[in-house]
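S.K.: Here you go, one structure.
The values are calculated or read from the model by the stated rules, or taken from the named source; none is laboratory data. All values reported here derive from a predicted model rather than from experimental measurement. Cβ atoms come from the backbone with ideal geometry, glycine included; neighbour counts cover every protein chain shown. Heavy atoms of the whole protein, side chains included, go into the accessibility calculation; ligands, DNA and RNA do not. Shrake-Rupley method; radii C 1.70, N 1.55, O 1.52, S 1.80 Å.
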Amino acid sequence: MTPAIPILEARRLTRELPGPVPVTLVRDIDLTVAAGEFVAITGPSGSGKSSLLYLLGLLDTPSSGDVLVDGLPTVGIPDNPLADLRLSRFGFVFQFHFLLPEFSARDNVEIPMRRLGLLGTGEIRDRAEFLLETLGLAEHAHKLPEQMSGGQRQRVAVARALANDPAIILADEPTGNLDTKSAENVFSLFRQLASDQGRAVVVVTHDTELAARADRRIHLVDGRIVP
Amino acid sequence: MATPLGLAIAARHLSHRRRQTVTSLLGVALGVAFFIAIASMMQGFQQDFVNRIIDSSPHVTIKDEFRTPPRQPVENVYPDAVIQLRGLKPRDEVRGLRGARAIIAALEQLPGLKVAPTLAGNALLRYGPKDSSVNVIGIVPDKERLVTKLEKDLIAGKLEGLYTAANGIILGEGVAQKAGIGMDDLVTVVSPEGVVLRMKVVGIFRSGLTVTDNFDTYMLMKKAQVLQNRPNVINRVRIRMDDVEQAQPLARKIEARFGYRTESWQEQSSNVLGIFVIQNVIMYSTVGAILIVACFGIFNVISTVVFEKTKDIGILKSMGFRDADIRRIFVYEGLMVGSIGVVMGWALGFGLVEFMGSLHFKMEGFVRAEGLVLYKSAKHYVISGAMGLTASTFAAWLPARRASRLKPVDIVRGAA
Ligand SMILES: Nc1ncnc2c1ncn2[C@@H]1O[C@H](COP(=O)(O)OP(=O)(O)O)[C@@H](O)[C@H]1O
Ligand SMILES: [Mg+2]
């Protein structure tokens, strides 16, 4: 089996916040994630896990180094194509669900698809309902976020992240606010997304027990990878 | 969710903060409604005023004056002279239109014109202990009735009274009221030339134009010539036209041909027409001010939404919304408030105009009127709509731009 081009790759990735006392968020990160791989990022609070994830997700611009998506460097890509790349290739799940409070669960899941505009209105609705059903939320499709529990909201957020069928899923402590059972559910879901659907999944987590179930663990301390 | 995505998000934002949205809607609506109401009132008044002028005053007046002082003989002899003679007094022209009869005869040949000669001057009207200064206008009643609406304006007496009474005079209503003069009263008229006539009031008129009613009096041409001690002199020729728009060209033609200063009704009323311009400026600034306040309202709502929706903006941008998509959402919000506000304002303005139309009261300013004369025009709706939409879009633009420039990483980092 020839090694495939890694779908997501960080090369000597460094991010510093400029200022009178510059803060280094991450330094010299080298990392490759292949399709179907489930990578967990662990580390103490403040070690730069989130910062790394934002860089990998093209939400932040590195001070030096580069992030390669499908083998292509992304530094220097203008804002609009970068946004389009996020729209079609990435799915984000954050610790806080970030659902739009005025929209129902289904509407929230539809938003990325409507922005992408590849599917018709009916197909978009069907897919949104299908995703919610997969996540066990079929009967909650019409509820507003405030009418749902924390675990349900987070699963809606996962459904939204999957809406445009992204090759890369990035999640920042997605189970941080959940009870053990919900956390377990969401984590198994990520596990499946990698193993069964061949997506590249990178999850930041505190939970060493969950992290143990990843294909690979990366431990950060003070913005650097430690073995 | 068949509407465009940005529009759907904008609509949800607004419908979830109803009170603020309604407040800014009202701002726009009031601005638009006031514009429509004030514009129809002002323009109604102005048109009414112009109509009254056109109706009651001559359309063209030939005066016994020259627009530029006549050339002096010395200038004719040395046309390009460098030396200037000082202290030259213009040769005293015998006041009056020379060849007036020929001028009138020539004008009467033209189609669509009615011509009446007058001799206008000042006099003192004496009644009991009261002296009032008045304009004395000598007329030929048979011609006058074709040129002005004096006859129609009479509220007492008849124009023929001038012929039948030995020394008849017609007074403006204001003149009569101020001095307490009634029909058939005898008044004394004293001219600057020192001629004194005892005259009988044979008519009182009300034109509705305050200045006219308070100062003008009419008598036979012959009597006026005696009073002014200017036998056979005519100093004004008044012309009424079928087509009032031709007044200015006709005035220019007459002046070019006969040399005498000839004024169209527009020129004679230029001071009032100038006031109208000022009125319109005031109207536009008032409405502009209301709309600016409305703008602040919109700016306020949308800024608040942007502030409250920072997290949403962050997630939308991180999932791949472009800056322009975000900006569009908030500009849509301004446009929605603007267009709904404009439509509400149209309805309100329409109602206001109808309400004002139903009012009846007496007032006296430039003109005397009962109730408001209103001018209703689709143009007012178009202008106010355009102003309302422009203002609300502009008010939304600034917060929209701010929203579009937010960095998703700052939001996500801060909120997580
Ligand atoms: N905007 C910022 N200004 C200053 N320091 C920051 C900022 N963002 C993050 N940091 C600091 O950078 C470090 C890494 O933060 P973060 O990536 O959020 O860590 P983690 O997600 O591992 O808790 C922390 O020490 C944090 O305090
Ligand atoms: Mg973190």
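S.K.: Gap in Å between the Cα centre of the range A:1-63 and the Cα centre of the range B:384-413?
M.R.: If you average the Cα positions of each part, the centres end up 33 Å apart.
S.K.: Let me ask something else about it. Give the calculated FRET efficiency between B:A11 and B:N271 to the nearest 0.05, with a Förster radius of 41 Å applied to their Cβ-Cβ distance.
M.R.: Result of the calculation: an efficiency of 0.20.
S.K.: Among the listed pairs B:K63/B:K158; B:K152/B:K362; B:K178/B:K200, which have their C-alpha atoms separated by more than 25 angstrom in this model?
M.R.: Where the Cα-Cα span goes over 25 Å, the pairs concerned are B:K63/B:K158.
S.K.: With a/c under 1.5 counting as rounded, go ahead and sort the range A:54-117 into rounded, prolate or oblate using the C-alpha gyration tensor (a ≥ b ≥ c being the square roots of the eigenvalues; past the cut-off, prolate if a/b is larger than b/c, else oblate).
M.R.: prolate
S.K.: Another question about this same structure. Quick one: grab Rg to one decimal and Dmax as a whole number for the protein assembly as shown, Cα atoms only, in Å.
M.R.: Calculated on Cα positions, Rg and Dmax stand at 43.4, 132 Å.
S.K.: Here's a follow-up. Out of all DSSP beta bridges in chain B, what portion is antiparallel? Express it as a percent rounded to 5.
M.R.: Working: 40 of 50 bridges.
Antiparallel: roughly 80 percent of the beta bridges in chain B.
S.K.: Moving to a separate point now. Pull out a ≥ b ≥ c, the square roots of the eigenvalues of the alpha-carbon gyration tensor of the range A:76-227, then state rounded if a/c is under 1.5, prolate if not and a/b is larger than b/c, and oblate in the remaining case. List each step's numbers first, then the result.
M.R.: Numbers: a/c = 1.84, a/b = 1.27, b/c = 1.45.
It is oblate, given that a/c is not under 1.5 and a/b is not larger than b/c.
S.K.: What residues from the range B:237-271 fall in the zone where the backbone N is under 15 Å from a label point 7 Å along the Cα-to-C-beta line of B:R98?
M.R.: What the label zone holds, given the 15 Å backbone N cut-off, is B:258-261.
S.K.: Over the alpha carbons of chain B, what is the largest minus smallest coordinate on each principal axis, giving the biggest first in Å?
M.R.: 103, 62, 43
S.K.: Report the per residue volume, in Å³, of the convex hull enclosing the C-alpha atoms of the range B:276-322.
M.R.: Measuring per residue, one finds 59 Å³ for the Cα hull of the range B:276-322.
S.K.: For the range B:90-168, rounded, prolate or oblate, judged on the Cα gyration tensor with a ≥ b ≥ c (square roots of eigenvalues), a/c < 1.5 rounded, else prolate if a/b > b/c? Please report the intermediate quantities before stating the final value.
M.R.: Values: a/c = 2.61, a/b = 1.24, b/c = 2.11.
Oblate is the answer for the range B:90-168, as a/c is 1.5 or above yet b/c matches or exceeds a/b.
S.K.: Give the lysines reachable from A:K143 as a straight Cα distance under 21 Å; neighbours fewer than 8 places away on the same chain don't count.
M.R.: By straight Cα distance, A:K143 reaches B:K309, B:K311.
S.K.: Only bridges with both residues in chain A count here: give the DSSP antiparallel percent, nearest 5.
M.R.: If I count the DSSP bridges inside chain A, around 50 percent turn out antiparallel.
S.K.: How about the range A:51-73: which of its residues lose at least 20 Å² of accessible area in the presence of all protein chains relative to their chain isolated, using a 1.4 Å probe?
M.R.: Residues shielded by partner chains are A:Y54, A:L59, A:D60.
S.K.: State the antiparallel share, in %, of DSSP beta bridges confined to the protein assembly as shown, rounding to the nearest 5.
M.R.: Taking every DSSP beta bridge within the protein assembly as shown, about 70 percent pair in antiparallel fashion.
S.K.: How much of the accessible area of the protein assembly as shown, in percent, comes from carbon and sulfur atoms when a 1.4 Å probe is used?
M.R.: The C+S portion of the solvent-accessible surface of the protein assembly as shown is 57 percent.
S.K.: Let me ask you something else. Can you compute the charge dipole magnitude of the range A:14-90 about its Cα centre, using +1 on each Lys and Arg Cβ and -1 on each Asp and Glu Cβ, nothing else charged? Give it in debye, rounded to the nearest 20.
M.R.: Rounded to the nearest 20 debye, it is 200 debye.
S.K.: If you place +1 on the Cβ of every Lys and Arg and -1 on the Cβ of every Asp and Glu, how big does the dipole about the Cα centre of the protein assembly as shown come out, in debye to the nearest 20? Walk me through the numbers before you get to the answer.
M.R.: Numbers: 74 positive and 65 negative charges, 421 e Å.
That gives the protein assembly as shown a dipole magnitude of about 2020 debye.
S.K.: Then there is this: Could you point to the residue in A:T24, A:L72, A:N164 farthest towards the positive end of chain A's charge dipole, with +1 and -1 charges on the Cβ of Lys/Arg and Asp/Glu respectively?
M.R.: My answer, from the dipole projection, is A:T24.
S.K.: Which value, in debye to the nearest 20, gives the size of the charge dipole of the range B:144-232 about its Cα centre, when Lys and Arg are +1 and Asp and Glu are -1 at the Cβ?
M.R.: With Lys and Arg at +1 and Asp and Glu at -1, about 160 debye.
S.K.: Which of B:T393, A:V204, B:A100 sits closest to the plus end of the dipole of the protein assembly as shown, meaning its Cα is farthest towards the positive end, when Lys and Arg get +1 and Asp and Glu get -1 on the C-beta?
M.R.: Selected residue: B:A100.
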